[in-house]
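Each remark here refers to the structure printed beneath this line.
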Amino acid sequence: MGLSKDSKLKDVMSNPEGAALIEQYAPGATKDPKFKLAGGLTLTKIVSMSGGLLSPELLDELDVKLKALGD
């Protein structure tokens, strides 16, 4: 199964290309101590909890790129 915005963060991070995309879209996030706590959450849920730091539009753009990894 491919990656998407509905994938859990830990699944995205287990894919080197997915991890690179996370770092590209949220620079420094992977170094935040709270980052590992979010591993069981989907990217959609994380964005909804980000307090506006990550926009739905950014999530949609990331979703397209994640889905393209499976092609």
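Measure off 7 Å from each Cα along the Cα-to-Cβ vector at residue 64 and residue 34, then give the distance between these two points in nanometres to one decimal.
Result: 2.9 nm between the two label points.
With label points built 7 Å along Cα→Cβ from the Cα atoms of residue 53 and residue 23, find their separation and express it in nm.
Those two pseudo-labels are separated by 1.8 nm.
With a 1.4 Å probe and every protein chain left in place, work out the accessible area per residue of the chain in Å², rounded to a whole number.
66 Å²
Can you tell me the alpha carbon radius of gyration of the chain divided by the globular rule-of-thumb value 2.2 N^0.38 Å?
That ratio works out to 0.98.
Count the lysine pairs in the chain whose Cα atoms lie under 12 Å apart, taking only pairs 8 or more positions apart in sequence or on different chains.
6
Which value, in debye to the nearest 20, describes the size of the charge dipole of the chain about its Cα centre when Lys and Arg Cβ atoms bear +1, Asp and Glu Cβ atoms bear -1, and nothing else is charged?
Dipole about the Cα centre, nearest 20: 360 debye.
What are the residues whose amide H is under 5 Å from the amide H of residue 8, where those residues sit 5 or more places off or on another chain and H is modelled from the backbone?
none
How large a share of the accessible area of the chain, in percent, is made up of carbon and sulfur atoms when the probe is 1.4 Å and the other protein chains stay in place?
60 percent
The values are calculated or read from the model by the stated rules, or taken from the named source; none is laboratory data. Worth saying up front: this structure is predicted, and the values here are computed from it rather than measured. Positions of Cβ are generated from backbone atoms using ideal geometry, with glycine treated the same way; all protein chains shown enter the neighbour counts. All accessible areas refer to the heavy atoms of the entire protein, side chains included, with ligands and DNA or RNA removed. Shrake-Rupley method; radii C 1.70, N 1.55, O 1.52, S 1.80 Å.
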